[in-house]
1. Output the residue which, of all residues in the stretch 1-27 that are surrounded by 10 or more Cβ atoms within 10 Å (Cβ to Cβ) and outside any helix (DSSP H, G or I), is modelled with the lowest pLDDT.
2. Please work out which residue is least open to solvent (accessible area, probe 1.4 Å), limiting yourself to the stretch 28-67 and to residues that are within 11 Å of the chain's Cα centre (by Cα) and among the aliphatic types (A, V, I, L, M).
3. Can you run down the residue pairs with Cβ atoms below 8 Å, 6 or more apart or on separate chains, where the first is in the stretch 39-61 and under 28 Å from residue 5 (Cβ atoms) and the partner is open to solvent by 90 Å² or more (accessible area, probe 1.4 Å)?
4. May I ask you to list pairs of residues, at least six apart or on different chains, whose Cβ atoms are under 6 Å apart, with the first in the stretch 27-38 being touching a residue at least 12 places away in the same chain (Cβ under 8 Å) and the second being open to solvent by less than 70 Å² (accessible area, probe 1.4 Å) and among the aliphatic types (A, V, I, L, M)?
Amino acid sequence: MERSKIERLNELARKAKTGPLTEAELAERDQLRKEYISAFRANLKATLDNTIIIDKDGNRRSLRKDN
């Protein structure tokens, strides 16, 4: 997710703490939240897909889910 979108999301969060948001701001915030969560999940999945577990016997196995 672009840095400018994260900054805008943070800006809307700060504004929501001090007062109500307009309908347009609420819609924008919801859209930005969805994008942020989607990007977070994709990043986490990529990290887990590239993680290797080594057990006490030295066996290596990937956390990647085989489809």
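1. Result: 1.
2. In this case the residue turns out to be 32.
3. If the second residue must be open to solvent by 90 Å² or more (accessible area, probe 1.4 Å), the pairs left are 48/64; 49/64; 49/65; 50/64.
4. Sorted first by the residue in the stretch 27-38, then by its partner, the pairs are 29/12; 32/9.
Results for (1) in contact with a Ser or Thr (Cβ under 9 Å, 6 or more places away or on another chain); (2) of a type in the set (Asp, Glu), shown as yes or no for each residue.
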| position | (1), (2) |
| --- | --- |
| 13 | no, no |
| 22 | no, no |
| 27 | no, no |
| 30 | no, yes |
| 35 | no, yes |
| 41 | no, no |
| 44 | no, no |
| 47 | no, no |
| 62 | yes, no |
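The values are calculated or read from the model by the stated rules, or taken from the named source; none is laboratory data. From a predicted model like this one, the values you see are computed outputs, not experimental measurements. Positions of Cβ are backbone-derived with ideal geometry, glycine not excepted, and every protein chain shown enters the neighbour counts. Areas reflect the complete protein model, heavy atoms only, side chains present, ligands, DNA and RNA absent. Shrake-Rupley method; radii C 1.70, N 1.55, O 1.52, S 1.80 Å.
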